Amino acid sequence: MEILGIDIGGSGIKGALVNAETGEMLTERYRIATPKSKKPNDMAQVVAEIVEHFNYSGPVGCGFPSIVKNGVCMSAGNLHPSWVGVNIDELFTETTGHEFTVLNDADAAGYASMNYGVGKGKGGLVIMTTIGTGLGSGAFFNGVLIPNFELGQIPYKKYKKIEKWAAASAKDREDLSLEKWAKRFNKFLEYVELIVSPDLIIVGGGTSKKWEEFSHLINIETEVVKAELMNHAGIIGAAVACLREQHHGHLSAKG
């Protein structure tokens, strides 16, 4: 079954058609830069452009970089504050004319790893963390999603949330060497280990492409592995979640 998966990030919005049974991406990834305003209607228009690009008809799965509860944005994350309280499912459905299922982006990436990647068949508590503009995290217990497990929101020293200090955006903003940044990321993982004692941590997101360059600096007791699907995991997982989650937006009568 072909499903359109869309992965929304702080810097880019990407989409591709996915075989939801095998997890295979059937098309090249199509990317449009996230609008500078990062406001709901502007971003919804970009999402519509991606849907139109694939000449797609059917439901759409979408990973979103914030806490999402029953399709509603509960926190602005790294986006515009006006997102709080917006029913993302309904907004994207009304804008595109396609039913949407929206979930946290790290949860979507986790779906990909747990169904087709290194997490497949893993029991216990598995944490998926995605390194990008923020630090997303998804949790699965015996293969079942625990939604919105946003460990990047933990306060740290003077920072309201640790992702401001340890995400890839902090590396770029402060012009940190990969080594200095990796030590910060390791500190984040130490907190994850302390708070939830996971059985496995999977690292994904854009920065995971450099895993071989910084993995020797990761020093915690929990096993930490790279997500093979890396930057495509959000797209693939969003497509799968479209079939598993039941938070579809609904088309209006005029739609």
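Go ahead and set up a Gaussian network model of the chain, Cα springs under 10 Å, then flag whichever of 204, 12, 138 fluctuates most.
Of 204, 12, 138, the most mobile in the Gaussian network model is 12.
Quick one: length gained pulling residue 84 to residue 57 fully straight, 0.36 nm per residue minus the C-alpha distance? Don't skip to the end; give the middle numbers.
On the way: separation 27, 0.36 × 27 = 9.72 nm, distance 2.87 nm.
Full-extension gain reported as 6.8 nm.
Using a 1.4 Å probe and ignoring any ligands, DNA or RNA, find the accessible area of residue 128 and quote it in Å² to the nearest 10.
0
Considering only segment 121-227, what is the antiparallel percent among its DSSP beta bridges, to the nearest 5?
Details: 11 of 19 bridges.
Here the share of antiparallel DSSP bridges comes out near 60 percent.
Go through segment 169-184 residue by residue and turn each phi into a ³J(HN,Hα) via Karplus (6.51, -1.76, 1.60, θ = phi - 60°); whole Hz please, and just put x for glycine and proline.
Along segment 169-184, the couplings run 5, 5, 4, 5, 5, 9, 6, 7, 5, 4, 5, 5, 5, 4, 5, 5 Hz.
Please find, in a Gaussian network model of the chain (springs between Cα atoms separated by less than 10 Å), the residue of 180, 171, 14 whose mean-square fluctuation is greatest.
Among 180, 171, 14, the largest mean-square fluctuation in the Gaussian network model of the chain belongs to 180.
Evaluate the charge dipole of segment 179-219 about its Cα centre and quote only its size in Debye, nearest 20, assuming +1 on the Cβ of each Lys and Arg and -1 on the Cβ of each Asp and Glu.
Values: 6 positive and 6 negative charges, 49 e Å.
Approximately 240 debye in magnitude.
In a Gaussian network model over the chain where Cα atoms closer than 10 Å are linked, find which of 67, 235, 218 has the largest mean-square fluctuation.
218
Once Lys and Arg get +1 and Asp and Glu get -1 on their Cβ, which of 186, 47, 15 lies farthest toward the positive end of the dipole of the chain?
So the residue we want is 186.
With all protein chains present and a 1.4 Å probe, how do 240, 86 order by accessible area, largest first?
Numbers: 240 5, 86 30 Å².
The residues order as 86, 240, largest area first.
How far apart, in nm, are two points set 7 Å out from the Cα along the Cα-to-Cβ line at residue 243 and at residue 48?
Here the modelled spin labels are 3.0 nm apart.
Using a cut-off of under 17 Å, list every residue of segment 54-81 whose amide N is near the label point 7 Å from the Cα of residue 41 along the Cα-to-beta-carbon line.
So the set is 80-81.
Taking the Cα centre as origin and putting +1 on Lys and Arg beta-carbons and -1 on Asp and Glu beta-carbons, what dipole magnitude results for segment 24-91, to the nearest 20 debye?
Roughly 320 debye, rounded to the nearest 20.
Expressed as an acute angle from 0 to 90° and rounded to the nearest 10, what is the orientation of the C-alpha long axis of helix 233-244 relative to the principal long axis of the chain?
Relative to the chain, helix 233-244 is tipped by roughly 50 degrees.
Expressed as a whole number of Å, what is the distance separating the alpha-carbon centroids of segment 78-109 and segment 192-208?
25
So who's got an amide H within less than 5 Å of the one on residue 131, skipping anything under 5 residues away but keeping other chains? H placed 1.01 Å off N, in plane.
Distant-sequence amide H within range of residue 131: 204, 205, 206, 207, 208.
Where only protein heavy atoms count, and the probe is 1.4 Å, what is the accessible area per residue for the chain in Å²? Provide the component values of the computation, followed by the final result.
Details: 11300 Å² over 255 residues.
Value for the chain: 44 Å² per residue.
How far apart, in nanometres, would the label points at residue 191 and residue 28 be if each is projected 7 angstrom from Cα along the Cα-to-Cβ direction?
Distance between the two pseudo-spin positions: 4.0 nm.
Enter the mean projected area of the convex hull around the alpha-carbon atoms of segment 121-227, in nm², rounded to one decimal. Write out the running numbers ahead of the final one.
Values: hull surface 25.4 nm².
It is 6.3 nm².
What is the set of long-range amide H partners of residue 156 at a cut-off below 5 Å, with H atoms built 1.01 Å from backbone N?
Amide H neighbours of residue 156: 161, 162.
Roughly speaking, to the nearest percent, how much of segment 121-227's 1.4 Å accessible area is carbon and sulfur? Write down the numbers at each step before the final one.
Working: 2550 of 5120 Å².
Answer for segment 121-227 is 50 percent, counting heavy atoms of protein chains only.
Once the Cβ-Cβ distance between residue 175 and residue 212 is put in as r, and R0 is 25 Å, what FRET efficiency do you end up with, to the nearest 0.05? Don't jump to the answer; show the numbers that get you there.
Numbers: r = 22 Å, r/R0 = 0.88.
It comes to 0.70.
I need the phi-derived Karplus couplings for segment 91-101: 6.51 cos²θ - 1.76 cosθ + 1.60, θ = phi - 60°, integer Hz, Gly and Pro marked x.
Along segment 91-101, the couplings run 4, 5, 5, 5, 6, 9, x, 10, 6, 10, 10 Hz.
State the antiparallel share, in %, of DSSP beta bridges confined to the chain, rounding to the nearest 5.
Details: 27 of 44 bridges.
If we restrict to bridges inside the chain, about 60 percent are antiparallel.
Heads up, I need the accessible area for residue 150: 1.4 angstrom probe, whole protein in place, Å², nearest 10.
Number for this one is 30 Å².
Taking the Cα centre of the chain as origin, sum charge times position over the Cβ atoms of Lys and Arg (+1) and Asp and Glu (-1), and report the length of that vector in debye to the nearest 20.
Dipole magnitude for the chain comes out near 880 debye.
Report, by chain and number, residues whose modeled amide H sits under 5 Å from the one on residue 145, excluding near sequence neighbours (fewer than 5 apart, same chain).
When sequence neighbours closer than 5 places are left aside, there are no close amide H contacts.
Quick one: what are the phi-derived ³J(HN,Hα) couplings along segment 32-41, Karplus 6.51/-1.76/1.60 with θ = phi - 60°, whole Hz, x for glycine and proline?
For segment 32-41, the Karplus curve yields 10, 4, 5, x, 4, 5, 6, 8, x, 5 Hz.
The values are calculated or read from the model by the stated rules, or taken from the named source; none is laboratory data. Owing to the predicted nature of the structure, the values given are computational and were not obtained by experimental measurement. Reconstructed Cβ throughout: ideal geometry from the backbone, glycine too, with neighbour counts over all protein chains shown. Only protein heavy atoms, including side chains, enter the accessible area calculation; ligands, DNA and RNA are left aside. Shrake-Rupley method; radii C 1.70, N 1.55, O 1.52, S 1.80 Å.
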